Each structure stands twice: as C-alpha cells, then as structure tokens.
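K.L.:
Next up is a structure, given as structure tokens.
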Amino acid sequence: MNVNNYALFAFDATWTLIQSLQQLCASKINISSSYAVSRTEFLGVSRPIQFSFNVTDRITGLYYSAKNAQPSSNGLSFVPVLEYFHPSDWRIPTKENIIIWSGNSLTQPIGGAILKGVNLRIGIIESVPFTIVEKVIDASGQTTIQYSGYIHDLIKLLQSNMGFIPTIELAPSNQTYNG
C-alpha cells in the first residue's frame, strides 16, 4: 500500500491536537494550549513526536524528501529518490526509484552545469536557523535586508565554487506552499 507521507504527518498533527486537548481538558489547573502541546510526546506514525518551549517544530522526527521531476502520462510526477530522517541520516527510499536525468536519459551526466557568470534567481523562505532575515539600518538611515543562516552560507559556498550571480528573493511569509 502506497501511503502519501503528508497523510502520515496529517495523522500525527491531528493526534497531537487530540492529545493536547485531552491534557488541557483533564487539567485541574489553568494551563495554556501551547503548554499542553509542549508536554505532548508519543510515537507517531511518521516518527516519534515531541515538542519543547521556544521551538517551532517538533524536536525529533524531522523528515525531508529529495524528489526527481519525471515526465509521466499525467504531465509531470515527482518521484522520491532520497530521504532524510532525523536523527538518522539520508537514505534511499524503501521503493528505490530510477533517476531520470535531463534529456530524458537514464545515464548520469558527466561533469556539471557551467553556471559561471549566469544570473540565478534563488527563492528562500525565512526559517531559523536555515534562513535568518534581519533589517539593518545603515549610517545614512537606509534600511536594507540581510540574510544569514545555513542556506545563506550554502548559497555563498556554491556561488564561490560555481561562479554564478545570485539574486536572492524572500518568499512572502503569508503564503502557503504544498509539495
């Protein structure tokens, strides 16, 4: 049975809400809902679930999936080729998928893209510690936005090694994205 990863996360999110509401309703003292969520801990269907104060994501059970865009009869499909589960590491998905390279080829290209001098538009989202956004006021009173964090460092490293010219654009925080 092929279950979408987002369905697992939705189940765990719903179960987290149920568990925290149960704690909130069973409490004889007045506690906040955020406190009830931070005390919630269980083995979820996606991974172990545990939260903490001052953390905007769960402590354990982080999950990332690298997907290969492939042509299909329905247009374009995104096939998982690499997964990351915290606290372990990157791994090949249970169902190993073939990577389709550019030009609809099964042969991995030799070398790499030559990006020296090419202008690249790079979209980022604010997510501490990956992307930190700061407004800085200079001596003349002009406000500029500065980026720091892991993603900014990665972009600088790639720029240094590949020679492209980045134009970094911050995606609006009031917009939702689904994969």
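K.L.:
How far apart, in nm, are the 7 Å Cα→Cβ label points at residue 14 and residue 105?
P.N.:
Result: 4.6 nm between the two label points.
K.L.:
Could you pull out the trypsin sites (Lys or Arg not before Pro) across region 82-161 that fall in loop regions by DSSP (anything but H, G, I, E, B) with no more than 13 other Cβ atoms inside 10 Å?
P.N.:
Sites meeting the loop and neighbour criteria: 95, 116.
K.L.:
Would you mind calculating the gained length between residue 90 and residue 148 on full extension (0.36 nm times residue separation, minus the Cα-Cα distance), in nm to one decimal?
P.N.:
Values: separation 58, 0.36 × 58 = 20.88 nm, distance 2.47 nm.
Net length gain for the segment: 18.4 nm.
K.L.:
Still on this structure: Between residue 42 and residue 6, what length comes free when the chain is fully extended (0.36 nm per residue of separation minus the Cα-Cα distance, one decimal in nm)? Walk me through the numbers on the way to the answer.
P.N.:
Values: separation 36, 0.36 × 36 = 12.96 nm, distance 1.83 nm.
Separation in residues times 0.36 nm, less the Cα-Cα distance, equals 11.1 nm.
K.L.:
Once you place label points 7 Å from the Cα toward the Cβ at residue 140 and residue 175, how far apart are they in nm?
P.N.:
So the two model labels end up 3.0 nm from each other.
K.L.:
Let me make sure I get this right: for region 77-157, a, b and c are the square roots of the gyration tensor eigenvalues over alpha carbons, sorted descending. Under 1.5 in a/c it's rounded, otherwise prolate if a/b > b/c, else oblate. Which is it?
P.N.:
Numbers: a/c = 3.44, a/b = 1.75, b/c = 1.96.
Taking the square roots of the gyration eigenvalues as a ≥ b ≥ c, region 77-157 is oblate.
K.L.:
Full extension from residue 74 to residue 168: what is 0.36 nm times the residue separation minus their Cα-Cα distance, to one decimal in nm?
P.N.:
Taking residue 74 through residue 168 to full extension adds about 30.6 nm, to one decimal.
K.L.:
Starting from the Cα of residue 26, step 7 Å along the direction of its Cβ; do the same at residue 159; then give the gap between the two resulting points in nm.
P.N.:
5.2 nm
Rule-based calculations on the coordinates, nothing more; no lab input. Note that this is a predicted model, so its numbers are computed, not measured. Every residue, glycine among them, receives a Cβ derived from its backbone with ideal geometry; neighbour counts consider all protein chains shown.
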